[in-house]
Every structure is written in structure tokens, then in C-alpha cells.
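Engineer: Below is one structure. I have some questions about it.
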Amino acid sequence: MIKFKIVKKSKKSKARLGILETRHGVIETPCLVPVATQATVKSLNSEEVKETKTQILICNTLHLHLKPGEKIIEKADGLHQFMNWKGPLMTDSGGFQVFSLGFGKDFQIGKIVKEKINSQINLSQKPKFLKITKEGVYFSSFVDGKKIFLGPKESIKIQEKLGADIIFAFDECTSPNASFEYVKKSLERTHYWAKICLKTKKTDQALFGIVQGGRFKTLRKESAKFIGSLPFDGFGIGGEFGHNKKKMLQMLDWVIKELPPEKPRHLLGIGYLEDIPKIIEKGIDLFDCTVPTQYARRGIAFTSLGKLDLRKSKFLKDKEPLDKKCSCFVCQNYKRNYICHLFRAKEITAFRLLTFHNLYFFNTFVEKIRKSLV
Ligand SMILES: [Zn+2]
């Protein structure tokens, strides 16, 4: 179980400072939740992740279900033991991956929809990889193409075996292009699934419900009211907005008003550094984000002076640390010239150094926001 206490509320915005107690330690909120898709933050071990000021990680239910399978992790005494992460853990419900992989493959879009691609999508085209019924979703595994079924009961049972501190209800994450009629129907399913998830769960793990409703105000409000009325321990806010950040912030205004104020709110899968202060001002307590780690593997460092592309040859002669203001071990010990060389030579140490720095940088960024709220 979890305990959430709001320590302080901002006078200028809806931001709040909180303490979230879990079986595996205390989290200070607002808090970034780095993504450990396959029970690892790619290129770092769990001890190193801890050194980046990371307080909690989110692992991916669908990935772990397909590989190595939840039974293996259960036999290993759960995710915490398996990956030697002593702190709090979350698992997502698998819903997002089922839908995004299905849609992504058929429509050539990923999580972020670019305007250009957006206009080329044929909306009448149905995804081949998905079949959605009242009970759940049939889809093809991206590991071996095998037909798989995942529904609310299955998702909760898998998440119980994985054993994270916080788990999520199974939901349908609709495409940003979905029509009002489609989203309305999908929402009925998500709400029905939410009740089944609550009934299925037998452990003392905290269960968060997920608000959906696409880009439509009436549906978002309806979803927040309904999900907010159920006995969840906290709430996830899901959905895809592509590059439309204004719409995302507006959606948070609609939704947060309807949710019980005493429970934690998690914004699922947000992105960029510049979004973080804005979503915190709207009243978000937790948010997961792949940007620091994913960008690191592409050679991009986040610094107090903006982003740097370490693959560029100009950095071969640069004897500065990644960021003079950063106190992480990478910035204390290595220079841009060496990291640039590692990237150009395709050495895996490049991923490690940049992933460490970026996570430390993002966590410090959020820590500063927390300090400003005190
Ligand atoms: Zn650094």
C-alpha cells in the first residue's frame, strides 16, 4: 500500500509538494519516473541509476510478459530482487504498448505523431494487428509474431506476479487521430476494464486508475469523474497528443479539477524538459519520461545551456565537461572530447556516460522545482 501526503501547495499555481510512502521507500513529489522498459535503464545497472537521484522506476508489463515472462520474475522473488533495485517500482498496464505497437506498425507512427505524417494517415484504415473486444485485446507479439490476448484481468495478474509497488489499470490509449465516436466507445471499454481491474487485484500493491478521453473535453471530464469516483490509490492520466502541447495542458485543466485532490496524479509518458515545469504547475505529482535516456543513446546531452549533439566532430577538440554546472560523476571526470570520440567510435561506454548525465540532469532539474515549492 502507499500513503500520500501533500506537504505544501503553491500560491502561484496548482503545483504541490508531496511525500509518497511505498513499501520500498519514500518518494518526494513532484517526481520524474525514468523508464526501465525491460527491467533495466538501458546501459546502466541499478546501483548507478540510484546515483542519478532517481527515486522510482517504471517497468513495462507487456515487454516483461513476453520476455522473460512474469513466472520467471515471480520465481526470482519479484522485480525488485530480480533487478536488484531497492527503491520503489511501478509497472504500466501494457495497454499503451498493445495499442501503440499496433497503430504504430500500421500507420507508421510511434508515440509522437509528426504533423506531416499525421496528414498522410488514412483514417479509414483499420490496424491489422489488433482486435479489441469487451474482454480485452488480441494482437501479435512483437517478439515472435505469436497471437496474444491481454485484458484487464490478465494485466493485473501479470502485474501481481511482477510485484511492483504501484501498478496501473488496463486501458485503451486511443490514437490522436481517433474520432469522437471512436473515443466515446473506447472510453466505455476503459471504464468497464477499470472496475474489473479493481475486482481482480488481490495483493496490497497500490493500483492507479487511468483517465482517457482523447482530445475531447466532455469525454475527458466524464472519464476523470468516473475513474476519480472509484477506490483507486491514485490516478494516471493517459492519452496521446503528439506535438500539441497546448492541448495537453488544457486537457490537464479539465481532468485535474475532477480528480480527488488528496490522491497522487501521474501523467503517463510525457516528454520534454520544457514541459516539466508546466505540467507540475497544473498539479501533476509523478510523470514518466523516456527522453533523458533515449536521447542519450542518440548522442544528445541536456545541459544548462541547452542540448548538445555529441556526435558532431567539433566536440573532438572540446575540453569542457558536458555541463560546467553539473555535479554528476561524468561531468567531474570526463570531457566532451572523449565522449564525442566514444560516440564516433561506437563504444558502448558512450551510452553509459550520457545516460548517467542526462538522468542526473533531469532529476536535478525536478529537484530544483521541488526546492522552489518549499
Ligand atoms: Zn553531468
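The values are calculated or read from the model by the stated rules, or taken from the named source; none is laboratory data. The shown structure was predicted, so the numbers you read here are calculated from the model rather than taken from an experiment. As a convention, Cβ positions derive from the backbone with ideal geometry for all residues, glycine included, and neighbour counts pool all protein chains shown.
Engineer: Give me the residue from segment 315-354 that is polar (S, T, N, Q) and either within 11 Å of the ligand (Cβ to nearest atom) or out of contact with any helix residue (DSSP H, G or I) (no Cβ under 8 Å at 6 or more places or on another chain) (or both) and, out of that set, nearest to Ile284 (Cα to Cα).
Structural biologist: Result: Ser327.
Engineer: Taking only pairs six or more apart or across chains, which ones have beta-carbon atoms under 9 Å, a first residue in segment 302-331 that is in contact (Cβ under 8 Å) with a residue 60 or more places away in the chain, and a second residue that is within 14 Å of the ligand (Cβ to nearest atom) and β-branched (Val, Ile, Thr)?
Structural biologist: Correct list of pairs: Cys328/Thr52; Cys328/Thr364.
Engineer: May I ask you to list the residues in segment 233-256 that are within 18 Å of the chain's Cα centre (by Cα) and of a type in the set (Phe, Trp, Tyr)?
Structural biologist: Correct list: Phe235, Phe241.
Engineer: If you don't mind, another one. If a residue has to be among the β-branched types (Val, Ile, Thr) and crowded, with 21+ Cβ neighbours inside 10 Å to count, how many in segment 342-361 make the cut? Show your work before the answer.
Structural biologist: Of the residues in segment 342-361, the ones among the β-branched types (Val, Ile, Thr) are 348-349, 355.
So of that shortlist, the ones also crowded, with 21+ Cβ neighbours inside 10 Å come out as 355.
Residues that pass the stated criteria total 1.
Engineer: Considering only residues that are within 14 Å of the ligand (Cβ to nearest atom) and farther than 24 Å from Glu48 by Cα, which ones fall in segment 305-314?
Structural biologist: Matches in segment 305-314: Leu305 only.
Engineer: Give the residues of segment 207-218 that are over 17 Å from Ala169 (Cβ atoms) and in contact with a helix residue (DSSP H, G or I) (Cβ under 8 Å, 6 or more places away or on another chain), sorted by residue number. Write out each step before concluding.
Structural biologist: Taking segment 207-218 and keeping what is over 17 Å from Ala169 (Cβ atoms), we get 214-218.
Selection gives Gly214, Arg215, Phe216, Lys217.
Engineer: Need a quick list: helices (runs of 4 or more DSSP H) entirely within segment 47-88 having at least 1 residues that are among the polar types (S, T, N, Q).
Structural biologist: 61-66, 79-83
Engineer: Let me ask something else. Select from segment 10-40 the residues that are outside any strand (DSSP E or B), under 20 Å from the mean Cα position of the chain (by Cα) and closer than 17 Å to Pro261 by Cα and list them in ascending order.
Structural biologist: Ala15, Pro30
Engineer: Look at Arg297 and say whether it is modelled with pLDDT under 95 and not acidic (Asp, Glu).
Structural biologist: no
Engineer: Sort through Phe302, Phe361 and tell me the only one that's modelled with pLDDT of 95 or more, near the ligand (Cβ under 10 Å from one of its atoms), touching a helix residue (DSSP H, G or I) at 6+ places or on another chain (Cβ under 8 Å) and in a strand (DSSP E or B).
Structural biologist: Only one candidate passes the filter, namely Phe302.
Engineer: Can you tell me which residues in segment 13-54 are of a type in the set (Lys, Arg) and free of Cβ contacts under 8 Å to residues at least 40 places away in the same chain?
Structural biologist: Across segment 13-54, the qualifying residue is only Lys50.
Engineer: Those residues that are modelled with pLDDT under 95 and buried (at least 19 other Cβ atoms within 10 Å of the Cβ), I need them from segment 272-290; list them, please.
Structural biologist: Correct list: Cys289 only.
Engineer: Among the candidates Lys217, Lys195, Lys221, Lys185, single out the residue that is under 30 Å from Glu74 (Cα atoms) and over 17 Å from the mean Cα position of the chain (by Cα).
Structural biologist: Lys195
Engineer: What strands (runs of 3 or more DSSP E) completely inside segment 181-274 contain at least 1 residues that are within 22 Å of Glu135 (Cα to Cα)?
Structural biologist: Strands (runs of 3 or more DSSP E) meeting the threshold: 206-211, 234-237.
Conditions tested, residue by residue: (1) buried (at least 16 other Cβ atoms within 10 Å of the Cβ); (2) within 24 Å of the chain's Cα centre (by Cα).
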residue: Lys317; (1), (2): no, no
residue: Leu322; (1), (2): yes, no
residue: Lys325; (1), (2): no, no
residue: Tyr334; (1), (2): yes, no
residue: Cys340; (1), (2): yes, no
residue: Asn363; (1), (2): yes, yes
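Engineer: Still on this structure, I have one more. Can you confirm whether segment 277-296 contains a residue that is in contact with a Phe, Trp or Tyr (Cβ under 7 Å, 6 or more places away or on another chain), in a loop (DSSP other than H, G, I, E, B) and within 15 Å of the ligand (Cβ to nearest atom)?
Structural biologist: no
Engineer: Okay, next question. Can you tell me how many residues within segment 277-298 are under 27 Å from Ile339 (Cα atoms) and either hydroxyl-bearing (Ser, Thr, Tyr) or in contact with a helix residue (DSSP H, G or I) (Cβ under 7 Å, 6 or more places away or on another chain) (or both)?
Structural biologist: Residues meeting the conditions: 6.
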